[in-house]
1. I'd like to check something: does the range B:52-73 contain any residue that is assigned to a helix (DSSP H, G or I) and more than 11 Å from the chain's Cα centre (by Cα)?
2. Hey, does the range A:4-16 have a residue that's buried (at least 16 other Cβ atoms within 10 Å of the Cβ) and away from chain B (no Cβ under 12 Å)?
3. For the range B:34-56, what are the residues that are away from DNA strand C (no atom under 13 Å from the Cβ) and either of a type in the set (Asp, Glu) or more than 21 Å from A:Glu81 (Cα to Cα) (or both)?
4. Restricting attention to the range A:17-26, which residues are closer than 18 Å to A:Arg58 by Cβ and surrounded by fewer than 18 Cβ atoms within 10 Å (Cβ to Cβ)?
5. I'm checking my understanding of the structure. Among residues of the range B:17-48 that are within 14 Å of chain A (Cβ to nearest Cβ) and of a type in the set (Asp, Glu), which one is nearest to DNA strand D (Cβ to nearest atom)?
6. Please work out which residue is farthest from A:Pro11 (Cα to Cα), limiting yourself to the range B:33-61 and to residues that are loosely packed, with under 14 Cβ neighbours inside 10 Å and basic (Lys, Arg).
7. From the list B:Asp10, B:Asp73, which one is modelled with pLDDT of 95 or more, within 26 Å of A:Asp10 (Cβ to Cβ) and of a type outside the set (Ser, Thr, Tyr)?
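The values are calculated or read from the model by the stated rules, or taken from the named source; none is laboratory data. On a predicted model such as this, the values are computed, not experimentally measured, just so you know. Methodologically, a virtual Cβ is constructed for each residue, glycine included, from the backbone with ideal geometry; neighbour enumeration extends over all protein chains shown.
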Number of protein chains: 2
Amino acid sequence: METALRALSDPGRRRILTLVRDEEHSAGEIAAEFTVSWPAVSQHLRVLKEAGLVTERREGTRRLYRARPEGLDDVRAFLDEFWDDKLKRLKREVERG
Amino acid sequence: METALRALSDPGRRRILTLVRDEEHSAGEIAAEFTVSWPAVSQHLRVLKEAGLVTERREGTRRLYRARPEGLDDVRAFLDEFWDDKLKRLKREVERG
DNA sequence: GACTTAAGAAAGGATCTGCTTAAATAGGTC
DNA sequence: GACCTATTTAAGCAGATCCTTTCTTAAGTC
């Protein structure tokens with residue numbers, strides 16, 4: 001969860017993530033969407049992969065990336081717990097007036 | 001959302017956040033839970049405040065902090081959208097076999 | 001095998017982060 | 001006003017981050 005949150009904290013990586021959310025894309029296709037250099041995108045992809053937020057598949061000379069939403073499970077769990085507990089707290093407050 | 005995600009990416013700040021989730025706590029009470037120095041905690045509180053994840057209230061010489069779950073709304077929206085769209089994609093895949 | 005294409009690895013630099021200690025502010029108490 | 005307590009601000013430092021350019025690897029084409 002640590003690495004996932006840090007990976008998400010970069011806008012470029014979030015953009016990559018939405019790019020590969022619905023379908024696989026090669027590193028080159030992804031890089032073409034950005035103005036930063038190609039290695040920079042490659043580095044972002046590595047961060048996302050290490051955080052478990054994308055999967056990599058090799059096909060010939062290309063590497064195809066796809067989002068891996070399960071990688072967000074921990075983060076979602078944390079936020080949901082936070083949210084739920086807050087609601088519970090509010091409920092208690094309302095009940096005691 | 002940018003700042004919220006960066007604020008969340010630090011384990012110490014997440015711990016602070018859960019500390020002030022259910023009730024207000026003073027900066028000193030919070031700092032007492034940590035081994036790092038007092039100013040370090042103060043800096044974390046500032047980051048959390050600027051990210052909209054906590055509110056600050058002054059009472060005499062003390063400053064009381066409390067979680068502000070609405071600050072997580074953007075993050076939650078992003079994750080939910082991501083999740084939902086993934087489910088939709090899977091559904092399409094299943095439907096076309 | 002030489003050449004091209006797709007992509008990652010290495011090295012280096014600027015900026016950001018998170019910590020520390022020391023100093024400043026600001027509200028109570030005498 | 002002098003003094004204590006609670007807390008933030010300032011300054012500085014080590015390490016992380018994100019970018020760049022250059023170099024390497026690996027697969028396909030001739």
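1. Initial filter on the range B:52-73 (assigned to a helix (DSSP H, G or I)): B:69-73.
Now drop any that are not more than 11 Å from the chain's Cα centre (by Cα), which leaves none.
Within the range B:52-73, not a single residue is assigned to a helix (DSSP H, G or I) and more than 11 Å from the chain's Cα centre (by Cα).
2. So far as the range A:4-16 goes, yes, one or more of its residues are buried (at least 16 other Cβ atoms within 10 Å of the Cβ) and away from chain B (no Cβ under 12 Å).
3. Of everything in the range B:34-56, just one residue is away from DNA strand C (no atom under 13 Å from the Cβ) and either of a type in the set (Asp, Glu) or more than 21 Å from A:Glu81 (Cα to Cα) (or both), namely B:Glu56.
4. Within the range A:17-26, the subset closer than 18 Å to A:Arg58 by Cβ is A:20, A:23-26.
A:Glu23, A:Glu24, A:Ser26, listed by residue number.
5. Across the range B:17-48, the extreme among qualifying residues is B:Glu24.
6. In this case the residue turns out to be B:Arg58.
7. On the way: B:Asp73 fails: modelled with pLDDT of 95 or more.
Going through B:Asp10, B:Asp73 in turn, the sole match is B:Asp10.
Matching residues to (1) over 22 Å from B:Leu17 (Cα atoms); (2) free of Cβ contacts under 8 Å to residues at least 24 places away in the same chain; (3) of a type in the set (S, T, N, Q); (4) more than 11 Å from every other protein chain (Cβ to nearest Cβ):
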position	(1), (2), (3), (4)
A:Gly52	yes, no, no, yes
A:Gly60	yes, yes, no, yes
A:Arg63	yes, no, no, yes
A:Arg68	yes, yes, no, no
